[in-house]
Amino acid sequence: MEKKDLRDLGIISLPGDPGYGSRFKELFNSRLYSVHQRIFPDGETYIRLTDELQDEKKLLIIQSMFPEQDRRFFEILQILDILDNYDKDIYLLILYMAYARQDKVFLRGEPVSARVVIRHITQNSKVKKIYVAEPHSDYVSKEFDRVHAINLIRIMGETLREKWISRRPIIVSPDQGGAERAKTLSEIFDTEYLIFRKYRDRYTGSIKTEAPENIDFVRGKETIIVDDILSTGGTIAEVASILRRSGSEKIYVLCAHCLFVSDALNKVLSSGIDKIFCGNTVKKFIEDPHIEYMDLSSRVGLYLAERLL
Ligand code: R5P
């Protein structure tokens, strides 16, 4: 990627950053400030900005909120508190936003946790803009003026298309909430998409998946299941089993945030997945021949450079 000169931008990489800070330093010629983190014996989080801030006008904070979602969230609040004492324009990049799935009250008595996260970041802080990479839904960008979503699925799709130039996989969304992602990918690959239905029992968390009527369409074809998050792997495994039974020849997954909680990888692989393409948005990388991590840092950097220059 062509380098951009963003010397007027300082970068602060928080403990959840999976390496974008040092990549941006290289791409933008920007200064990267260090943060020291430790955990007190009772579990409390301590951070300290160890470098003296120089004269850059803009500061970009980078964080990803997995693993240890609550700690990562609190580090954002702590750094914003530190930066209160400086006259800078502050921007925040959240590579994985935790709690984004609780974007409404599903059962009486619940909080809207996505709102809790953004409210606390914006209230009483000078943060000018928050860039959230592939948020679960458009709730945060619609609800909060300062929040902008970065479409990682588009970036991943375009990258894959360059390699798969003559392939026409059928795109599959595991639920209606992911329909836009499937549409985006199908446009990139110039192919069709199918939308499954997913029903979640809000009390037990268990899911039931229903295939669309034209599922036979996948027979003998390659399919890509697209999703924002792979957590326990239950959603992907359910859809993959149906695709396999329906005769899909090869089944791939393209997912922005691969959390791989507990035995998710085994679950997904035993459902018949051939390969999983993951974004590098969280600080957890599993080495496995079935997983391919896509380094999205240059494209995300370019997106930000165009907006922060
Ligand atoms: C939910 O609607 C999300 O888009 C993902 O489908 C979900 O979070 C995946 O979770 P799991 O891997 O635990 O099924």
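The values are calculated or read from the model by the stated rules, or taken from the named source; none is laboratory data. Because the structure is a prediction, the values reported are computed rather than measured. Virtual Cβ from ideal backbone geometry, glycine too; neighbours counted across all protein chains shown. Side chains are part of the model used for accessible areas, which takes the heavy atoms of the whole protein and leaves out ligands, DNA and RNA. Shrake-Rupley method; radii C 1.70, N 1.55, O 1.52, S 1.80 Å.
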Of (1) open to solvent by less than 10 Å² (accessible area, probe 1.4 Å); (2) away from the ligand (no atom under 14 Å from the Cβ); (3) under 22 Å from PRO135 (Cα atoms), GLU292 satisfies every one except (1)
Residue by residue through region 196-230, note down the ones that are surrounded by 19 or more Cβ atoms within 10 Å (Cβ to Cβ), within 12 Å of the ligand (Cβ to nearest atom) and part of a loop (DSSP other than H, G, I, E, B).
-> PHE196
If you go through LYS267, LYS284, the only one that is within 30 Å of ASN29 (Cβ to Cβ) and basic (Lys, Arg) is LYS284
Pull up region 113-144, narrow it to residues that are open to solvent by 10 Å² or more (accessible area, probe 1.4 Å) and of a type in the set (A, V, I, L, M, F, W, C), then point me to the one that is farthest from the ligand (Cβ to nearest atom).
-> PHE144
Determine if region 80-103 includes at least one residue that is assigned to a loop (DSSP other than H, G, I, E, B), open to solvent by 70 Å² or more (accessible area, probe 1.4 Å) and within 28 Å of ILE229 (Cβ to Cβ).
-> yes
In a strand (DSSP E or B), modelled with pLDDT of 95 or more and at negative phi - does that describe any residue in region 234-249?
-> no
Residue within region 204-219 that is polar (S, T, N, Q), over 26 Å from the mean Cα position of the chain (by Cα) and over 20 Å from HIS257 (Cβ atoms) present | yes
Would you check which residues across region 238-261 are open to solvent by 10 Å² or more (accessible area, probe 1.4 Å) and near the ligand (Cβ under 10 Å from one of its atoms) and list them?
-> GLU238, VAL261
